[in-house]
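Before any comments, here is the structure.
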Amino acid sequence: MVKTKQLVETITKGIQEKKGHDIVVADLAGIEGAICNYFVICTGNSPTQVDAITDSVEEFAREKAGEKPVHVVGRENAQWIAMDYTDVLVHIFLPDTREYYNLENLWEDAKINRIPNLD
């Protein structure tokens, strides 16, 4: 679990590197039926920024944690990109799409950690 927490921190730094904002880490580890241990959710302001955040997360996870995503979906339109790191699912949204799907409230039993924006 320590390695997973380090991966979450590394992913968060990758998001911050490209000015992703409103980062939320949902700890799903104690929830029965959860598909992973952590959701990391953030927002980018444009499809270009969402794509850049995705690239940054991939780079940080590979270089600093030795991890590659099992699967990445959503790159075609870059409104919502989901990255699967098995124990950690990363969701990178455009503002309207994030608001619509409201993932952080989907798992109401999860412990939610809101990471302060850097800017």
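Conditions (1) hydroxyl-bearing (Ser, Thr, Tyr); (2) part of a strand (DSSP E or B); (3) at pLDDT 95 or above, marked per residue:
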{"site": "Val24", "(1), (2), (3)": "no, yes, yes"}
{"site": "Val40", "(1), (2), (3)": "no, yes, yes"}
{"site": "Asp51", "(1), (2), (3)": "no, no, yes"}
{"site": "Arg62", "(1), (2), (3)": "no, no, yes"}
{"site": "Lys68", "(1), (2), (3)": "no, no, yes"}
{"site": "Ile81", "(1), (2), (3)": "no, yes, yes"}
{"site": "Tyr100", "(1), (2), (3)": "yes, no, yes"}
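Listed here are the residues, each with its yes/no results for (1) aromatic (Phe, Trp, Tyr); (2) surrounded by fewer than 17 Cβ atoms within 10 Å (Cβ to Cβ); (3) under 22 Å from Trp107 (Cα atoms); (4) touching a Leu at 6+ places or on another chain (Cβ under 6 Å).
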| position | (1), (2), (3), (4) |
| --- | --- |
| Ala29 | no, yes, yes, no |
| Glu32 | no, yes, yes, no |
| Ile35 | no, yes, yes, no |
| Thr54 | no, no, no, no |
| Asn77 | no, yes, no, no |
| Tyr85 | yes, no, yes, no |
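Table: residues versus (1) more than 20 Å from Ala110 (Cβ to Cβ); (2) polar (S, T, N, Q); (3) crowded, with 17+ Cβ neighbours inside 10 Å.
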{"residue": "Glu9", "(1), (2), (3)": "no, no, no"}
{"residue": "Lys19", "(1), (2), (3)": "yes, no, no"}
{"residue": "Val24", "(1), (2), (3)": "no, no, yes"}
{"residue": "Tyr38", "(1), (2), (3)": "no, no, yes"}
Residue list for the range 70-79, restricted to those being without any contact (Cβ under 8 Å) to a residue 24 or more places away in the chain and either in a strand (DSSP E or B) or of a type in the set (Gly, Ala, Ser) (or both):
His71, Val72, Val73, Gly74
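The values are calculated or read from the model by the stated rules, or taken from the named source; none is laboratory data. What you see is a predicted model, and the numbers here were worked out from it, not measured in a lab. For neighbour counting, all protein chains shown are included, and Cβ atoms are generated from backbone atoms with ideal geometry for every residue, glycine included.
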